[in-house]
Every structure is written in C-alpha cells, then in structure tokens.
Amino acid sequence: MILKVSVSHIRVGPKKMRRLVNLVRNKGLMDSINMLKLINIANKRYLLKLLESVMANAKIKNPDVDLKTLFITKAIVDEGPRIKRMMPRARGRADVILKRMSHINIEIEMPEKIEANDKKVKAKAKVKTKTKAESKIKAKAKSKGKK
C-alpha cells in the first residue's frame, strides 16, 4: 500500500528543499527522521514535520504496522508560486525580488494489513486447486486418447 503526503506553499526556495529531500529519498522512514534530527540545516523543520505526519498517518491506517518497515519510495520538490517584491535602485529604477516557495510530495511504501493478505492467500489457494483438478482431468483424457 502506498501512502501519499504533500505539503504546499513552504516559504523556502525549491533548490534549498531539494538539497534536504535528496538526503532522505530511498531510505527508511525512521532512519530519515533520525538523520534529520541530527543534521544542522536551517530548513529541516518543514521536512521533519512532514515525515512525522506520515508516520502518524501510517499508524492510523494500520495500527499493527512496524515503523521500521516503512520506506520512502518517492520524494519530489516542485516550485510553488513566487512572491514578487520591488527593491528601489538608483535613478528611480526598481529591481524585482522573487521570494520563492516549494511544494513537497512524498510517497511511502507501507505493508498491507495482515487480514487482507490472508484473504488473498486463501483466494489464490482456491484458484490453484481448481487448476490442478482441471489439469488432472486433461491428463486422463489425453492418456485415454493415446490407447
């Protein structure tokens, strides 16, 4: 089961956020959270809050889930809207200052519920017994036809 979480309009430039997200991509969720707590980068709080939210959502979806098995499969930082500000310059001119924002999208791979897996296994077992019985009937029919 894949769990998708996103946060929008973070007032940090996408280049700065990509630097952080690249550190946690394709790693375990608990490993990523522990690493972010130890690292000394200013804007880690947004990503840390998002990952802790993912962990809480996973616990709500499946209370029996082992948090050590959760894995970050996809982490993307997109550029959000820009706030435009004017800076006065010499001779009555003005420069535009762009204050950038980011959107973060994260996908977590989460194991299915145990009950759902048992139902799938039982359904597959029923299908296999039918195919075995059919194959035995076909084999008997072929052996009779050869004689």
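Answer with yes or no whether V21 is under 30 Å from V96 (Cα atoms) and surrounded by 18 or more Cβ atoms within 10 Å (Cβ to Cβ). Working first, answer last.
On the way: under 30 Å from V96 (Cα atoms): yes; surrounded by 18 or more Cβ atoms within 10 Å (Cβ to Cβ): yes.
So V21 passes the test.
If the Cβ limit is 9 Å and pairs must be 6+ apart or interchain, which residue in the stretch 36-52 that is touching a residue at least 24 places away in the same chain (Cβ under 8 Å) pairs with which residue that is part of a helix (DSSP H, G or I) and surrounded by fewer than 12 Cβ atoms within 10 Å (Cβ to Cβ)?
K44/K37
Answer with yes or no whether I72 is β-branched (V, I, T) and either exposed (fewer than 12 other Cβ atoms within 10 Å of the Cβ) or modelled with pLDDT of 95 or more (or both). Working first, answer last.
On the way: β-branched (V, I, T): yes; either exposed (fewer than 12 other Cβ atoms within 10 Å of the Cβ) or modelled with pLDDT of 95 or more (or both): no.
Considered against the rule, which asks whether it is β-branched (V, I, T) and either exposed (fewer than 12 other Cβ atoms within 10 Å of the Cβ) or modelled with pLDDT of 95 or more (or both), I72 comes out as no.
The values are calculated or read from the model by the stated rules, or taken from the named source; none is laboratory data. Being a predicted model, the structure only gives us computed values, none of them experimental. Neighbour counts are summed over all protein chains in view; Cβ atoms, including those assigned to glycine, are modelled from backbone coordinates with ideal geometry.
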